[in-house]
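Visitor: I'd like to ask you about the structure that follows.
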Amino acid sequence: MTQVDLIYFNAGGGHRASALALQGVLNELQLPWTVRLVNLFEVLDPSQSFRRLTGSAPEDWYNRRLARGWTLGMAQELKLLQAVIRLAHPTLVRRLRAHWAATQPDLVVSLIPNFNRALYHSLAQARPGVPYATVLTDLADHPPRFWIERGQPQHFICGTPRARAQALAAGHAPSRVHATSGMILRPGFYGPPVADRAAERARLGLDPHQPTGLVLFGGHGSRAMLGIARRLPDVPLILMCGHNQALARALAGLPARAPRHIVGFTPEVTRYMDLADFFIGKPGPGSVSEALQRGLPVVVSDNAWTMPQERYNATWIREQGVGLVYRRAAGLAPAVDELLADLPAWRERVRGHHNRALYEVPQILAGILRRAPARPRPAGRDAADPAPVVAAR
């Protein structure tokens, strides 16, 4: 069997969600591949020394900041993080090289930023000739070296023309830069809509005939949702709080003239999106792509608190004509009013957005494996499996 490793970590949640979605569709296609999820931090720190020293995993610090809205200054912190990763490069490569030598993958697919130099170099040393691919889970790179490294003959899978142009401008061969129609989404986002939308909304206490917004800031919520709820007292809202129970309680205590429904952590994000008419949140690539897939125009912020790797997303939203962007908090209500004044036209534009990335990426990976140089198989492994052509769905 061909061994395919998908590299992820839990910072932000989107990388793990993309890896799980890709693993699921690859298994569903019944390819002659064994698809393994690899948490980078578990490889680098198998004894969890960092957790024992600090009391939390490396991702927890990042996720807590997102939940509390402490994102001001992240551009400078990103530069510091990248400098630390550069200094730790020899150690990272040594640990990863040992991992690849022990696990013997035939293809490594990264769904994470910042660590791709170390991942690529370690694989090239341990398993020469094994292909390495990076799937960007952002709409574009945030140079330098967030996603796209120069001088590495690897593959890039890009969800927008902007990301593809960035990879080509970094000197990568066109044959190694692959385009998809968007971000990887979980399979549920391709399913049929809620059958009786009006009845479902009424069951939740929402007016079936009044436009309703869905407010979502990832799986850990954000205190920014309190400001949104205060500024939109007359707009029906579905407020998705994720794991943030304190936020859910605070939202429940806010006065409002329009009906609201507050949701904790749930696997039914698709269902709640189907019950809404538009989306409010940050310009995260995952949540924006999910909203568009379910037919929701978006209203997002773009200001000093926007994470640097997400700032292009606001530009993309404007260019695609699928939503509105506001900079100051006072601009939220006018943006929502503008959207609601012409909601059918906005929703019609969103319906023209077609994202099939989840089913395009397997075809790309199969092509990468077909073109990879043949390698002798270790003892106990099956004879070489030809990478099949993956049927589009």
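The values are calculated or read from the model by the stated rules, or taken from the named source; none is laboratory data. Remember, predicted model here, so these are calculated numbers, not experimental data. Reconstructed Cβ throughout: ideal geometry from the backbone, glycine too, with neighbour counts over all protein chains shown.
Visitor: What helices (runs of 4 or more DSSP H) lie completely within the range 39-104 and have 2 or more residues being modelled with pLDDT of 65 or more?
Guide: Passing ranges, in order: 40-44, 74-87, 89-103.
Visitor: How do the strands (runs of 3 or more DSSP E) wholly within the range 257-370 filter down when requiring 1 or more residues that are of a type in the set (Lys, Arg) and surrounded by 20 or more Cβ atoms within 10 Å (Cβ to Cβ): which remain?
Guide: By residue number, 260-263.
Visitor: Only one of 179, 173 is surrounded by fewer than 22 Cβ atoms within 10 Å (Cβ to Cβ), in contact with a Ser or Thr (Cβ under 9 Å, 6 or more places away or on another chain) and assigned by TED's automatic domain parsing to the domain that holds residue 21; which?
Guide: Testing whether each residue is surrounded by fewer than 22 Cβ atoms within 10 Å (Cβ to Cβ), in contact with a Ser or Thr (Cβ under 9 Å, 6 or more places away or on another chain) and assigned by TED's automatic domain parsing to the domain that holds residue 21 leaves just 179.
Visitor: Restricted to the range 216-249, and to residues that are in a loop (DSSP other than H, G, I, E, B) and more than 17 Å from residue 276 (Cβ to Cβ), which residue is modelled with the highest pLDDT?
Guide: Among residues in the range 216-249 that are in a loop (DSSP other than H, G, I, E, B) and more than 17 Å from residue 276 (Cβ to Cβ), the one modelled with the highest pLDDT is 233.
Visitor: Quickly run through the range 190-215 and pick out the residues that are aliphatic (A, V, I, L, M), in a loop (DSSP other than H, G, I, E, B) and within 28 Å of the chain's Cα centre (by Cα).
Guide: Correct list: 194, 195.
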